[in-house]
Amino acid sequence: MVHITRRERFNAAHRLFRSEWDDEKNLEIFGKCSNPNWHGHNYELFVTVKGKLNPETGFVLNLKELSRIIQTKIIQKVDHKNINIEVDFMQGKLASSENLAIAIWEELLPEIVKLGVQLHCVKLFETENNFVEYYGDGY
């Protein structure tokens, strides 16, 4: 089994808050990340797939194809957007990095499976110090 990873980048704004809480409670739990005027990040997204090496191409998967899927299913929807308001696959979800990584996995999985490889990991860097990894429910 060979693992191969594609990195993509995007910029997006969000706010961590629960509408059923007042601003004071949101500030207590989420700190500056609950700023009512939003805040943004320069995200780095790493998508790792795994599979058997194709002896004809020497590839697990052509990375151009993986990039195209990530661009179409994720980057075009999140880049320079407000995650809370404008991203269809995040509607009704708290815009944490954890929830975003899971939602990205769920968006990519059907397309990745069609390519005959397995989605192994979605790693999302929110800052250079903070990142989340998601390996699916079966991990």
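Values quoted throughout were computed directly from the atomic coordinates according to the rules given, and no laboratory measurement underlies them. Please read these numbers as outputs of a predicted model, since none were measured by experiment. Note that each Cβ is placed from the backbone with ideal geometry, even for glycine, and that neighbours are counted across all protein chains shown.
General remarks:
- Count - residues of the range 8-43 that are surrounded by 14 or more Cβ atoms within 10 Å (Cβ to Cβ) and either in a strand (DSSP E or B) or touching a Gly at 6+ places or on another chain (Cβ under 7 Å) (or both): 7
- Qualifying residue in the range 68-77 (condition: over 18 Å from GLU8 (Cβ atoms) and among the polar types (S, T, N, Q)): no
Here's the yes/no breakdown for (1) in contact with an Asp or Glu (Cβ under 6 Å, 6 or more places away or on another chain); (2) of a type in the set (A, V, I, L, M); (3) assigned to a loop (DSSP other than H, G, I, E, B); (4) surrounded by fewer than 16 Cβ atoms within 10 Å (Cβ to Cβ):
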{"residue": "ILE85", "(1), (2), (3), (4)": "no, yes, no, yes"}
{"residue": "GLY92", "(1), (2), (3), (4)": "no, no, yes, yes"}
{"residue": "ALA101", "(1), (2), (3), (4)": "no, yes, no, no"}
{"residue": "GLU107", "(1), (2), (3), (4)": "no, no, no, no"}
{"residue": "VAL113", "(1), (2), (3), (4)": "no, yes, no, yes"}
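- Counted residues, the range 60-71 - those being in contact (Cβ under 8 Å) with a residue 24 or more places away in the chain and either over 19 Å from PHE131 (Cβ atoms) or part of a loop (DSSP other than H, G, I, E, B) (or both): 8
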